[in-house]
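Here the structure is laid out as structure tokens; the discussion comes afterwards.
The values are calculated or read from the model by the stated rules, or taken from the named source; none is laboratory data. A quick note: this is a predicted structure, and the numbers were derived from the prediction, not measured. Here Cβ is always computed from backbone atoms with ideal geometry, including for glycine, and neighbour counts include all displayed protein chains.
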Amino acid sequence: MGWLGGELAGIYGYETVYTLSLFIPVLSILGVSFVRLTPVPVSPLNKQVLFGGFAFAVFVVLIGYNNILYSQEIVFIISLGIVLYLLRTLVSDLDAGTIRHIKMAMIVIFVYRAMPSVGPALQWWEIDVLGFDEAFFAKLAMIGGGIALAGMWLSSKFIVDQSISKVLIFLTIIGTILSLPVLGMYYDLHTMLGIDARTVALVDTAIASPFEYIAGVLMLTLVAIYAPEGKKGTWFALMASLMNIALSAGGIFSKYLNKLFVVTREVKAEGMVVVPANYDELGILLWIVILIGLVVPIVTIWKFNPDPNGRTKKRPTSPQA
């Protein structure tokens with residue numbers, strides 16, 4: 001689908017591709033309607049979560065449409081506060097030891113997902129300087145998705161037999177190493193070695209993609225391990241919200257990094273260059289993002305070991321994981 005989307009975008013434009021993508025949720029709904037679920041005990045309706053979530057959704061829409069200053073930061077802080085409050089209410093009847101481990105797992109999940117990215121500047125540079133296009137980006141996505149599925153299938157036994165903390169640290173280090181080819185291309189090392197930039201991108205994507213997906217699976221495993229009995233649906237919904245809020249935190253962090261290290265793409269108006277292209281600070285931006293993505297998660301995982309009972313050899317498996 002990624003390859004097809006990229007090809008269509010190159011021929012018909014992004015608007016057509018986005019319009020066609022609206023049919024994907026319809027297919028998902030049709031697919032779910034044919035699934036036969038195993039009956040499970042139903043918990044009473046949590047009115048606090050339902051009505052509180054609805055009120056918050058209205059608040060976010062109003063904030064977004066009124067162009068309020070620092071609206072992104074306001075929504076992030078309030079969202080985080082509400083989700084943490086609801087999570088605390090949900091696990092309030094558990095013992096102190098379990099709550100402590102849940103808090104540690106939440107911290108690790110949040111920090112791991114909240115790491116900043118370079119932002120759109122990297123793709124601008126890849127398009128303008130390296131000559132990548134929509135079709136090539138789609139090809140990268142297709143290759144990455146296919147290899148990721150195969151990689152998860154082949155490595156599933158190894159992942160289950162290791163502690164979550166050990167695997168997360170391993171993935172953090174591997175992710176850092178696999179981000180170095182892009183950094184090397186910025187400094188034109190691929191040209192010095194006589195290697196085409198597209199070849200470097202294809203190989204790097206093929207190697208890196210399984211590890212990115214495995215990290216996501218581990219996050220869901222942590223969520224499943226601590227899911228309270230009788231409240232699993234609400235728990236997963238709130239933890240999914242927390243993971244999305246963490247991504248928002250990473251986006252805000254990325255925004256301020258891009259304000260500090262300004263990268264601009266050429267903008268023309270009536271044939272005249274209004275904003276010149278400037279990728280001089282992209283290198284230092286890449287360095288900072290790579291170093292933050294290496295140091296912060298490892299320190300957090302080491303300090304807040306997310307494995308149950310603090311064990312580092314093997315974690316208990318769960319049917320829901």
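So how many residues does segment 180-206 have that are among the hydrophobic types (A, V, I, L, M, F, W, C) and either touching a strand residue (DSSP E or B) at 6+ places or on another chain (Cβ under 6 Å) or without any contact (Cβ under 8 Å) to a residue 60 or more places away in the chain (or both)?
7
Hey, can you tell me all the residues within segment 275-290 that are in a strand (DSSP E or B) and in contact (Cβ under 8 Å) with a residue 12 or more places away in the chain?
Hit for segment 275-290 is ASN278, nothing else.
Take segment 237-274 and flag every residue that is outside any helix (DSSP H, G or I) and of a type in the set (Gly, Ala, Ser).
Hits for segment 237-274 are ALA269, GLY271.
Just wondering, is there one or more residues in segment 117-135 that are at pLDDT 85 or above and touching a strand residue (DSSP E or B) at 6+ places or on another chain (Cβ under 9 Å)?
Yes - at least one qualifying residue is present in segment 117-135.
Quick one: in segment 57-76, which of the residues that are free of Cβ contacts under 8 Å to residues at least 12 places away in the same chain and surrounded by 12 or more Cβ atoms within 10 Å (Cβ to Cβ) is farthest from the chain's Cα centre (by Cα)?
The qualifying residue farthest from the chain's Cα centre (by Cα) is ILE68.
Give all pairs with beta carbons closer than 6 Å in which a residue from segment 4-32 that is closer than 19 Å to ILE127 by Cα meets a residue that is surrounded by 12 or more Cβ atoms within 10 Å (Cβ to Cβ) and modelled with pLDDT under 70; count only pairs at least 6 apart in sequence or on separate chains.
GLY5/VAL17; LEU8/VAL17; ALA9/VAL17
Any residue that is at pLDDT below 70 and assigned to a helix (DSSP H, G or I) - is there at least one of those in segment 159-175?
Yes.
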